[in-house]
Ligand code: 4AD
Ligand code: MG
């Protein structure tokens, strides 16, 4: 089949006046004449005009919503006002029928909750097709950015035997008979007989392996699925999500922040350039949704304005200690409106992150120098003179990037490269040094300052699409009690 995409039929002016064949799914069929056809290459439909005198009634009756149809005809300037060109159909063939009575998604507005239950078909709606085309642009842009910056795509494993990072609860990987596993004399499961000869789990992060890569290749990034078995049923958490983790030798915290900000801006610029019609659709969708909310809950900027604003302005960079001071002076703190009390040493909750970003600075914020006790063992301990050092307590060279409407989108740090400091910290935090002998070897042999971060792909896609629930930006969400499709 020599098909023309609907995107090129609509955009490529040299095709006007030629005969082309297109194929796609029927969005609507009206006046017994006009098929709005969509093939997924663009959010826009091609109007295919059939002549009822040439196409028999039985065939016309099959142009139901979501039927697959192929049309051949001349692409001509449109008679109607909605589009530049339309297809004057000379031959039409139904490739796959779609029973109008039982097809679950009607050409009307459905709730996102309903569409989540129809996840296998929801890609055929404007909203979801726009989201997943943008998700592609973001994914491709990530590879593009790191390639341009000299990073090597490094494949960290999905199955891991170490449970040491402490990033979250892990899923077990096992081939043992779940009903009667081999047991030690004391009754506990004997994993020596399991597939890997030991307990294995799905990874929560590829960082520790990426560090090994960076300390030889210089610059690497991972980009793969990540699993966390935490029971958080929120609009920001998935049990399976995609994470991008760059890691670079000879890079300090400032370089890490610059890399993170550069990545975010590169991706936003790419989406604005390549997905403008999808963004315009989502922008209008968001406005409509917000109009049904009370005024004070509406955002000041529309989606495209928000993206342009983030692209054109430097991110605010503050220390954790400064963040706490701002929160202590804030109205919601003084009026006791925060759910969690504010004090130096606590982890920032998403209400605090969103206050800083949405109310105080009104732009993305990078927070550095968090208290050591709330951050992972591998983060570099600050000394007097280091950025983010505080005399209120021990801090580490962590950095979290906070985005409007989302909160934390990136978490990263400069790593502890000093073996003695790292070992002491691991002992303090009960991280088993024997299990991580291979990680510690990098600090024994040719250790250097290095840094990296993790970007949650879905959180970023939430931001660029203006969607509110993370389940709507991954094709098949995995969340507690839900893995249907
Ligand atoms: O802050 P996190 O836990 O950091 C790490 O895993 C480090 N190893 C990263 C590094 O330094 N290489 O996770 C990083 C990001 C978060 O900022 C968030 O965007 C996303 O991953 N994330 C989730 N996204 C969806 N669902 C979840 N359950 C997530 N947990 C983290
Ligand atoms: Mg984090």
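Considered as a group, the residues in segment 228-242 that are under 17 Å from residue 163 (Cα atoms) and within 15 Å of ligand 2 (Cβ to nearest atom) include one that is farthest from the chain's Cα centre (by Cα), and that residue is 230. Identify the single condition in (1) in contact (Cβ under 8 Å) with a residue 40 or more places away in the chain; (2) touching a helix residue (DSSP H, G or I) at 6+ places or on another chain (Cβ under 6 Å); (3) surrounded by 19 or more Cβ atoms within 10 Å (Cβ to Cβ) that residue 122 does not satisfy, given that it satisfies every other one. Residue 122 satisfies all of (1) in contact (Cβ under 8 Å) with a residue 40 or more places away in the chain; (2) touching a helix residue (DSSP H, G or I) at 6+ places or on another chain (Cβ under 6 Å); (3) surrounded by 19 or more Cβ atoms within 10 Å (Cβ to Cβ) except (1). Within segment 316-323, does at least one residue satisfy the condition of being away from ligand 2 (no atom under 16 Å from the Cβ), more than 23 Å from residue 144 (Cα to Cα) and either under 18 Å from the mean Cα position of the chain (by Cα) or free of Cβ contacts under 8 Å to residues at least 12 places away in the same chain (or both)? Among the residues of segment 316-323, at least one is away from ligand 2 (no atom under 16 Å from the Cβ), more than 23 Å from residue 144 (Cα to Cα) and either under 18 Å from the mean Cα position of the chain (by Cα) or free of Cβ contacts under 8 Å to residues at least 12 places away in the same chain (or both), which makes the answer yes. With the structure loaded, tell me whether residue 87 is outside any helix (DSSP H, G or I) and buried (at least 20 other Cβ atoms within 10 Å of the Cβ) or whether it fails that test. Answer is yes for this residue.
What are the pairs with Cβ atoms under 8 angstrom where one residue, in segment 397-414, is farther than 19 Å from residue 387 by Cα and more than 10 Å from ligand 2 (Cβ to nearest atom) and the other, located anywhere, is in a strand (DSSP E or B) and at pLDDT 95 or above? Sequence gap at least six, or different chains. Close Cβ pairs satisfying both conditions: 403/409. Looking for something closer than 20 Å to residue 246 by Cα, near ligand 1 (Cβ under 9 Å from one of its atoms) and assigned to a loop (DSSP other than H, G, I, E, B) - is there at least one such residue anywhere in segment 381-401? No, segment 381-401 has no match at all.
Among the residues making up segment 1-24, those that are outside any loop (DSSP other than H, G, I, E, B) and surrounded by fewer than 18 Cβ atoms within 10 Å (Cβ to Cβ) are 7, 8, 11, 13, 14, 15, 19, 21.
Quick check, is residue 22 touching a helix residue (DSSP H, G or I) at 6+ places or on another chain (Cβ under 8 Å), farther than 22 Å from residue 118 by Cβ and at pLDDT 95 or above? Walk me through it before giving the result.
Numbers: touching a helix residue (DSSP H, G or I) at 6+ places or on another chain (Cβ under 8 Å): yes; farther than 22 Å from residue 118 by Cβ: yes; at pLDDT 95 or above: yes.
Answer is yes for this residue.
For segment 133-177, the set of residues classified as more than 15 Å from ligand 1 (Cβ to nearest atom), touching a helix residue (DSSP H, G or I) at 6+ places or on another chain (Cβ under 6 Å) and either at pLDDT below 95 or not in a strand (DSSP E or B) (or both) consists of 133, 134, 137, 141, 145, listed by residue number.
No other residue among 214, 235 is out of contact with any helix residue (DSSP H, G or I) (no Cβ under 8 Å at 6 or more places or on another chain) and either modelled with pLDDT under 95 or not in a strand (DSSP E or B) (or both) apart from 214.
Among the criteria (1) surrounded by 14 or more Cβ atoms within 10 Å (Cβ to Cβ); (2) over 25 Å from residue 252 (Cα atoms); (3) touching a helix residue (DSSP H, G or I) at 6+ places or on another chain (Cβ under 8 Å), the one residue 337 does not fulfil is (1).
Quick one: would you say residue 271 is over 29 Å from residue 342 (Cα atoms) and within 18 Å of the chain's Cα centre (by Cα)? Steps first, please.
Values: over 29 Å from residue 342 (Cα atoms): yes; within 18 Å of the chain's Cα centre (by Cα): yes.
Yes: the conditions hold for residue 271.
Against the criterion of being surrounded by fewer than 19 Cβ atoms within 10 Å (Cβ to Cβ), under 28 Å from residue 171 (Cβ atoms) and under 28 Å from the mean Cα position of the chain (by Cα), residue 468 qualifies. For the criterion of being more than 16 Å from ligand 1 (Cβ to nearest atom), crowded, with 19+ Cβ neighbours inside 10 Å, part of a helix (DSSP H, G or I) and within 22 Å of the chain's Cα centre (by Cα), residue 311 fails.
The values are calculated or read from the model by the stated rules, or taken from the named source; none is laboratory data. Here the structure is a predicted model, which means the values were calculated and not measured. In this analysis, Cβ positions are derived from the backbone assuming ideal geometry, glycine residues included, and neighbour counts consider all displayed protein chains.
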